[in-house]
1. Taking 30 Å as R0, compute the FRET efficiency from the Cβ-Cβ separation of residue 161 and residue 135 and round it to 0.05.
2. List the residues, sorted by chain then number, that are 5 or more residues from residue 143 or on another chain and whose placed amide H is less than 5 Å from its amide H.
3. Restricting to Cα pairs below 8 Å that are 6+ residues apart, what does the relative contact order work out to for the stretch 130-174? Please round to a whole percent.
4. Within a Cβ distance under 14 Å of residue 155, other residues only, what is the Lys/Arg minus Asp/Glu net charge?
5. Normalised by the residues of the stretch 33-174, what does the relative contact order come to in percent, with Cα pairs under 8 Å and at least six apart?
6. On a full-extension model of 0.36 nm per residue, what is the gain between residue 127 and residue 111, subtracting their alpha-carbon distance, rounded to one decimal in nm?
7. For the stretch 87-94, take each phi angle, set θ = phi - 60°, evaluate the Karplus expression 6.51 cos²θ - 1.76 cosθ + 1.60, and give the result in whole Hz per residue in order, putting x for glycine and proline.
8. Going 7 Å from the Cα of residue 89 along its beta-carbon direction, which residues of the stretch 99-135 have the amide nitrogen within less than 18 Å of the resulting point?
Amino acid sequence: SSRPDVSAAPRVQDPAAQVPAAPLPAAMLPAALLPGADAGLGAGAVDTSDIDTRIAFWQTRIKANPSSDTQFQYLGELLALKGRETGDIARYTLARQAFEKAIRLYPANVAARSDLAVNLVTLHQWSDAIDQAKRILQGDLRALGAVAVIGDASLETGDLDTARAAFQTLRQKA
């Protein structure tokens, strides 16, 4: 089959592209978009001050009660969030430590174990992620997040049969 030659077709220009957009008045812009509003963050940086405040809150709580698994879990979740927001891999390492501490304090903390499994995938610790996911599935065969971790980590390690089976399970159950 032959295709029409579109290179010779006349080009239609978008009428909106012909009119330059008028700049918005400064009063209509969010403060974060105004010049000089980067608060020293630099171009493209993410403001994580809210996350930092919440991290400090849980660190203070942990100092007051270092035997609470839930507090370590929450701290780990915030550290992982900070890692996602900033791209700072060190935050994921700290999150791993917090999740592991939560699990040492209360081995049945499935949320901390799930968070750890996902965090291990982020850190490319594939076999550790699979181990955590399998532990989760031992307690709850319906934990689809753990199945997803096994699928992702298995794919990364080249275990295509396990990855395929995990993804098939997700398609069937999700």
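The values are calculated or read from the model by the stated rules, or taken from the named source; none is laboratory data. It should be emphasised that the depicted structure is a prediction, and the values quoted were computed from it without experimental measurement. Neighbour counts run over all protein chains shown; Cβ positions are idealised from the backbone, glycine included. Heads up: the accessible areas ignore ligands, DNA and RNA and are worked out on the full protein's heavy atoms, side chains in. Shrake-Rupley method; radii C 1.70, N 1.55, O 1.52, S 1.80 Å.
1. On the way: r = 21 Å, r/R0 = 0.71.
FRET efficiency, residue 161 to residue 135: 0.90.
2. Those lying under 5 Å, H to H, from residue 143: there are none.
3. Values: 41 pairs, mean separation 15.2, N = 45.
For the stretch 130-174, the relative contact order is 34 percent.
4. On the way: positive: 164; negative: 152, 156, 159, 161.
Within the 14 Å Cβ shell, the charges total -3.
5. Values: 167 pairs, mean separation 20.2, N = 142.
Averaging sequence separation for qualifying contacts and normalising by length gives 14 percent for the stretch 33-174.
6. Details: separation 16, 0.36 × 16 = 5.76 nm, distance 1.92 nm.
Here the answer is 3.8 nm.
7. For the stretch 87-94, the Karplus curve yields x, 7, 5, 4, 5, 5, 5, 5 Hz.
8. Only 118-129 pass the distance filter.
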